[in-house]
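> Quick one: structure below, then a few questions.
The values are calculated or read from the model by the stated rules, or taken from the named source; none is laboratory data. All values derive from a computational prediction rather than experimental measurement. As a convention, Cβ positions derive from the backbone with ideal geometry for all residues, glycine included, and neighbour counts pool all protein chains shown. Note: areas computed on protein heavy atoms with side chains; ligands, DNA, RNA excluded. Shrake-Rupley method; radii C 1.70, N 1.55, O 1.52, S 1.80 Å.
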Amino acid sequence: MLRGALAAAVTPLTDGGYALDEDGFDPLVAFLAAGGLDGLLALGTTGEGILLRPAERRRAAELFVAARPDGFAVAVHCGAQTTRETAELAAHATDLVADAVAVIGPPYFELDHRALLDHFATAAQACEPLPFYVYEFAARSGYAVPLEVLAQLRELAPNLAGLKVSDRPWESFAPYLLEGLDVFVGPEALIPQGLAAGAAGAVSGLATVFPGAVARAVHERVTDATELARLREGLQRFPFHAAAKHALGRQGLPIREDVRPPLRRLTAAERQELDQWLESS
């Protein structure tokens, strides 16, 4: 079972974002573990997973799992546009002996409760016995997962362990704090409130750049998220994926700024402004 502070990890890319940079995975995982985190979520929103081809996603998952040190968890996001692809990715994560699988609802189409339930149940079955987590992020999927679907999924999927919830504000997040399910907080500004209300931990995009800050916030159960909000807002002023990778490069990691189009790199002016902000942070 996942616990504590996890990074929503970037995916190292090269060739203008069109190829995996395999040399970047080991140093990235080592950096996150050394920063005090308990694990990572691979190939989620921060990891550009939805933009990668299935073969690339499988290879990236292999590299993340192979780089995992003892006691460091690697969960793999397997959400995809179709149920078949989602289930295949989930089964592959199980073959790798990843620590967990997470799945976001498929974007674009409006799915009724039965379709969404069937999708999640098929994905959960494909990754048994790994713990299965629903990735709730209405701003990316286009809809919020109905609580009724989760209630039915608990009956159909014995390996349903919990959720990663990236919704905000608090009024959108709080309904997913369901008894008996482990909930991981996505928005850094909600980490203190979420932990106080019973969340199991956090899965944070910010943690891929500032692992120590997020690890301390979770492990020490800080009550003030001002610093986390400041760091998130600082990076969020720029194209986030490229900014995160650039910031990692400045910390000595062999991570390129390359992102998968249609995401874009920083402009020269943005890069200079980001460097100034990082130097003052």
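> So, of the residues in the range 206-242 that are of a type in the set (Val, Ile, Thr) and open to solvent by 40 Å² or more (accessible area, probe 1.4 Å), which turns out to be nearest to Gly252 (Cα to Cα)? I'd like the intermediate steps shown before the answer.
At the first step, the residues of the range 206-242 found to be of a type in the set (Val, Ile, Thr) are 208-209, 214, 218, 222-223, 226.
Filter once more, keeping what is open to solvent by 40 Å² or more (accessible area, probe 1.4 Å): 222-223, 226.
Working: Val222: 28, Thr223: 31, Thr226: 27 Å.
Here the answer is Thr226.
> Within the range 140-173, take every residue that is among the aromatic types (Phe, Trp, Tyr) and within 24 Å of Ile50 (Cα to Cα) and give me the one that is farthest from the chain's Cα centre (by Cα).
Within the range 140-173, the match that is farthest from the chain's Cα centre (by Cα) is Tyr143.
> Write out, first by first residue and then by second, each pair whose Cβ atoms fall under 9 Å of each other, whose residues are 6+ apart or on separate chains, and whose first residue, in the range 6-28, is charged (D, E, K, R) while the second is assigned to a loop (DSSP other than H, G, I, E, B) and open to solvent by less than 10 Å² (accessible area, probe 1.4 Å).
Asp21/Thr11; Asp21/Pro12; Glu22/Pro12; Asp23/Pro12
Table: residues versus (1) assigned to a helix (DSSP H, G or I); (2) open to solvent by less than 30 Å² (accessible area, probe 1.4 Å).
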site	(1), (2)
Val134	no, yes
Val149	yes, yes
Glu155	yes, no
Lys164	no, yes
Arg168	no, no
Pro175	yes, no
Gly180	no, no
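> Restrict the check to the range 99-114 and report whether at least one residue is assigned to a helix (DSSP H, G or I) and of a type in the set (Asp, Glu).
Of all residues in the range 99-114, those assigned to a helix (DSSP H, G or I) come to 113-114.
Remaining after also requiring of a type in the set (Asp, Glu): none.
The answer is no; no qualifying residue exists.
> Could you check Tyr108 against (1) over 18 Å from Ala202 (Cβ atoms); (2) surrounded by fewer than 20 Cβ atoms within 10 Å (Cβ to Cβ); (3) among the aromatic types (Phe, Trp, Tyr); (4) in contact with a helix residue (DSSP H, G or I) (Cβ under 6 Å, 6 or more places away or on another chain) and say which number it fails?
(4)
> While we're looking at this one, here's another question. Just give me the residues in the range 139-175 being closer than 15 Å to Gly44 by Cβ and either of a type in the set (Phe, Trp, Tyr) or without any contact (Cβ under 8 Å) to a residue 40 or more places away in the chain (or both), in sequence order.
Scanning the range 139-175 gives Ala139, Ser141, Leu163, Val165, Asp167.
> Given Ala98, Ala61, Ala90, which one is under 28 Å from Gln236 (Cβ atoms) and either touching a helix residue (DSSP H, G or I) at 6+ places or on another chain (Cβ under 8 Å) or small (Gly, Ala, Ser) (or both)?
Residue meeting the stated conditions: Ala61.
> Now for a separate question. Could you list, in sequence order, all residues of the range 115-132 that are outside any helix (DSSP H, G or I) and not acidic (Asp, Glu)? Before you say what the answer is, go through the steps one by one.
Of the range 115-132, the ones outside any helix (DSSP H, G or I) are 127-132.
Within the range 115-132, Cys127, Pro129, Leu130, Pro131, Phe132 qualify.
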